[in-house]
1. Within the range 1-34, how many residues are modelled with pLDDT under 95, of a type in the set (A, V, I, L, M) and in a helix (DSSP H, G or I)?
2. Just to be sure before I move on: is residue 95 surrounded by 15 or more Cβ atoms within 10 Å (Cβ to Cβ), more than 30 Å from residue 60 (Cβ to Cβ) and more than 18 Å from the chain's Cα centre (by Cα) in the structure I sent?
3. Restricting the range 90-120 to residues that are at pLDDT 90 or above and small (Gly, Ala, Ser), which is nearest to residue 79 (Cα to Cα)?
4. Helices (runs of 4 or more DSSP H) wholly in the range 35-140 with at least 2 residues that are aliphatic (A, V, I, L, M) and under 28 Å from residue 18 (Cα atoms) - which ones?
5. Among the candidates 76, 115, 61, 106, which residue alone is of a type in the set (A, V, I, L, M), loosely packed, with under 14 Cβ neighbours inside 10 Å and closer than 18 Å to residue 160 by Cα?
6. Within the range 71-86, is even one residue in contact with a Leu (Cβ under 7 Å, 6 or more places away or on another chain) and either closer than 30 Å to residue 138 by Cα or at pLDDT below 95 (or both)?
7. For the range 7-51, which positions are β-branched (Val, Ile, Thr) and closer than 26 Å to residue 64 by Cβ?
8. For the range 34-45, check the following and say yes or no: at least one residue is of a type in the set (D, E, K, R), surrounded by fewer than 15 Cβ atoms within 10 Å (Cβ to Cβ) and farther than 29 Å from residue 168 by Cβ.
Amino acid sequence: MPQDNKMPFTSHLVELRKRLIVSVIAVTIGFAASYYYSKELFMLLAKPLPTNTSFAFTRLIEPFFTYLKVSVLAGIFLASPVLIHEVWVFVAPGLHEHERKWFWPIVVSSSILFIGGVLFGYFLVLPFGYSYFLSFSSDTIKPMLSMDGYFSFTTKFLLAFGLVFEMPLFILFLSLLGIVNAKMLSAYRKYAIVAIFIIAAFLTPTPDAFSQILMAAPMLVFYEAGIILARIFGKKEG
């Protein structure tokens, strides 16, 4: 049974405040450590671009704020173990025993899948996509990439890939709730395939079929993996 069931509401607020303070301190330390290497981190984010690509800025403060955003993002990433631990310490007393045993496996597997999705997009999809876009340049048309625009687009795109790779866990969660089951997922497979390619067409940065297949292929694999997980761990029909 959950512990501290009768803990006063004010005690929950005090505990939440404590966890938030620790989390903010961890992110601040991560930010401070990352800001020293903010230029290197930005250039690492720019690796998917062709080697001869350069950046421009139209606002005087754009480089400063772009490096600031890079540092904040890197700081959150560095502080993520502390953030996860603080969430666990806060919610664990309110969880049942069987819910606690699922927490860390879900956290570890979701982290691995998310990082895998980001790396897949970074190393495989973005280089093809950016090369395609920059191929429109000519003697009279020269690309002038905004630092802030590049950072925003790239981070959103990598976030999308990270979330796409969470599909098996999402399907598993729905199956545990009894919303879907393996039989239903198998029956709607052909519709899911069409939906996956439509989603891939919207999420990929280029209109070419190869990039869309790179996005759709892991989604198809994860859909099938979700069916297997739903069959094994899903809520059984009474």
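1. Count: 3.
2. So residue 95 fits the description; yes.
3. Only one residue tops the list, namely 111.
4. In the range 35-140, the matching helices (runs of 4 or more DSSP H) lie at 62-91, 97-120.
5. On inspection, the qualifying residue turns out to be 115.
6. no
7. Of everything in the range 7-51, those that are β-branched (Val, Ile, Thr) and closer than 26 Å to residue 64 by Cβ turn out to be 24, 25, 27, 28, 29, 51.
8. yes
The values are calculated or read from the model by the stated rules, or taken from the named source; none is laboratory data. Predicted, not measured: the structure shown is a model, and the values here were computed from it. FYI the Cβ positions are ideal-geometry reconstructions off the backbone, even for glycines, and counts take in every protein chain you see.
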